[in-house]
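What follows is a single structure, written as structure tokens, with notes after it.
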Amino acid sequence: MLKPFLIVPVLAFPVLAFLSVPAFSQDAAPAPATPPAASPMRSSVPAEYVNKVNPVKPTPESQARAKKMYGWDCAMCHGDHGDGKGDVATDQKLSMRDYRDPASLKGLTDGEIFYIIQKGTGQMPSEGDRAKPDEIWNLVIYLRKMASGQTTASAQPPA
Ligand code: HEC
């Protein structure tokens, strides 16, 4: 009879862990005042990812999907247009880059961006298994397009 009570918390854990990520930052000590450009982002990405070539040829459909996924999973922090002014980022005072600025993702290879989206970094949660590799590569393409003002995602609840 104990079992159902044990199973529910176990199933709920990944969801709760994801939801509580922004909350952690409230308890955490204030972040050191290092400007984003100086943070050693690359060091956390394993070498075998760094030079991975994006295998995906974007189609209008796959990019429409990327736009939706961005709206569901990213815009709350990175902002509808990649400006880094999403509600969660603002509330939690996260230090965000502005993807509308072509310089902001210039220092990262596609493989590094893929790895960061899949695994998360710092205060950013991972996509993990929620996104298939092809979908993550499409997100990489979508992020790069933000620098040219070609994107208009809006935050929306999952369908
Ligand atoms: C809870 C807020 C949050 C969510 C949700 C989130 N991110 Fe992030 N993201 C961050 C923060 C904060 C950083 C900077 C992390 C660091 O350097 O410590 C970051 C970093 C990144 C980076 C590395 C370049 C940079 O800006 O530093 C990429 C690429 C990225 N995010 C893409 C995404 C994508 C795509 C999604 C959705 C699938 C997403 N993020 C969801 C908060 C978030």
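Results, tabulated for the structure shown:
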item: Out-of-range pairs (alpha-carbon distance over 18 Å; input 52/106; 67/145; 67/93); result: 67/93
item: List 121, 90, 151, ordered by accessible area with a 1.4 Å probe, largest first; result: 90, 121, 151
item: Per-residue SASA entry for residue 117, accessible area with 1.4 Å probe, Å² rounded to 10; result: 20 Å²
item: Listed residues 106, 119, 85 arranged by accessible area, highest first, probe 1.4 Å; result: 106, 85, 119
item: Accessible area of residue 69 in the full protein assembly, 1.4 Å probe (Å², nearest 10); result: 10 Å²
item: Karplus-derived HN-Hα couplings along region 91-96 (A = 6.51, B = -1.76, C = 1.60, θ = phi - 60°), whole Hz, x at Gly and Pro; result: 4, 8, 6, 6, 8, 10
item: Region 47-159: relative contact order as a whole-number percent, Cα under 8 Å and 6+ apart; result: 38 percent
item: Principal axis box of region 44-159, alpha-carbon based, largest edge first, Å; result: 35, 32, 28
item: Average accessible area per residue (Å²) across region 44-159 - probe 1.4 Å, nucleic acids and ligands excluded; result: 54 Å²
item: Difference of contour (0.36 nm per residue) and Cα-Cα distance, residue 130 to residue 90; result: 12.0 nm
item: Listed residue (122, 150, 45) projecting farthest to the positive dipole end of region 44-159, Cβ model; result: 150
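The values are calculated or read from the model by the stated rules, or taken from the named source; none is laboratory data. Given the structure is predicted, the values throughout are model-derived calculations rather than measurements. Note that we place each Cβ from the backbone using ideal geometry, even for glycine, and neighbour counts take in every protein chain shown. Protein only, heavy atoms only, side chains kept; ligands, DNA and RNA dropped before computing areas. Shrake-Rupley method; radii C 1.70, N 1.55, O 1.52, S 1.80 Å.
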